[in-house]
Structure formats: C-alpha cells, structure tokens
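Computed from the coordinates by the stated procedures, all read-outs in this text should not be read as laboratory data. Keep in mind it's a predicted model, so treat the numbers as computed, not measured. FYI the Cβ positions are ideal-geometry reconstructions off the backbone, even for glycines, and counts take in every protein chain you see.
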Amino acid sequence: MKKLMLTLAAVMLIGTAAMAQDDNKKEKKLDKTEMVKKHTERMATKYKLDEKQAKKLLDLNTKYADKLNMGPGMGQGMGPGRNGVRPERKQMTDEQKKQMQERRQQRQANMEAYKTELKKILNDEQLKQYETDMAQGRNGGQKRNKQNNQ
C-alpha cells in the first residue's frame with residue numbers, strides 16, 4: 001500500500017512539473033512587434049547606437065520584419081525532432097524546387113536591400129562590426145557543426 005501511494009505521489013509530482021513547464025513556454029512567446037523591438041534593442045546595445053539611429057533602425061526592422069522573417073520562430077529549420085532524431089525529408093518535385101529557389105532569391109534580394117538601408121543608419125565603425133558579426137555568424141554555425149560531428 002505504501003509503494004502504491006508513493007508511486008501515485010511521484011506520478012502526480014512529475015505531471016504537475018511538466019504542466020508548469022508548458023505554461024512557462026506559452027507565456028514567453030512574443031509577438032512579431034515585440035520580437036522586432038528586442039532585435040532592435042540588441043543591435044542598438046551591441047553597436048552602441050544613439051537614440052536617432054535606434055529609432056531609424058526600429059523603423060527599418062519593422063519594415064523588413066516580414067521580408068526577413070523577424071518574428072516568432074525565426075531561424076527555425078528542420079532541426080532534430082524527438083529524441084534527437086531528424087525527421088525524414090520527402091523528395092521535392094521540380095515545381096517545389098523552383099519555388100524554393102525563387103524564395104531564396106527573394107530573401108537574398110530583401111537582405112541586400114536591408115543592408116543598403118542599414119548602411120545609411122550605421123557609421124563606418126558600426127557597419128564594419130556588423131559585417132564582421134554577420135560573417136562570423138554564417139561561418140560560426142558551420143564550425144560548430146563540424147565540432148559536433150567529430
């Protein structure tokens with residue numbers, strides 16, 4: 001009888017803890033506007049922008065939020081699923097490949113337009129740091145993946 005009571009208590013404790021974690025995740029989700037503001041604040045802090053620059057950057061980030069996927073779920077791809085196993089990919093049709101290529105080209109064009117407008121906001125030193133960070137960000141992921149696979 002004691003074992004049964006202890007088992008039930010343990011199950012209830014684990015269930016309660018799991019539900020509490022789910023509630024915390026739901027509360028922390030931000031909408032797109034909040035994500036853009038946080039992204040802008042991080043950039044303003046990192047590159048030491050003044051108020052005028054920060055305001056212009058917020059306007060720019062708001063303008064490009066949809067075009068550059070600045071919102072909830074940004075940067076989420078086909079990462080590992082449950083138990084660290086990646087879901088199996090389906091073969092794409094030629095039409096899907098063409099659409100994907102067009103979306104990629106559109107994203108690249110949007111990013112170039114964003115960078116062009118960003119250059120008008122940042123000074124030379126800030127822009128140099130931004131470009132360095134962007135280059136390290138792209139290559140940094142590749143380096144981490146190589147280290148994890150070894």
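Summary of values
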read-out	value
Calculated FRET efficiency for the pair Glu34/Gln108, C-beta based, R₀ 41 Å, to 0.05	0.95
Simple label model, 7 Å out from Cα along Cβ direction - Lys52 to Lys3, nm	7.7 nm
Extension gain, Asp59 back to Lys98 (0.36 nm per residue minus Cα-Cα distance, nm)	10.8 nm
³J(HN,Hα) computed for each position of the range 40-51 - Karplus, 6.51 cos²θ - 1.76 cosθ + 1.60, integer Hz, glycine/proline x	5, 4, 4, 5, 4, 5, 4, 9, 6, 7, 7, 4
Phi-based couplings in Hz for the range 113-126 (Karplus 6.51, -1.76, 1.60; Gly and Pro marked x)	5, 4, 4, 4, 6, 5, 4, 6, 8, 7, 7, 4, 5, 5
Estimated inter-spin distance, Asn123 and Thr45, nm [label 7 Å along Cα→Cβ]	2.2 nm
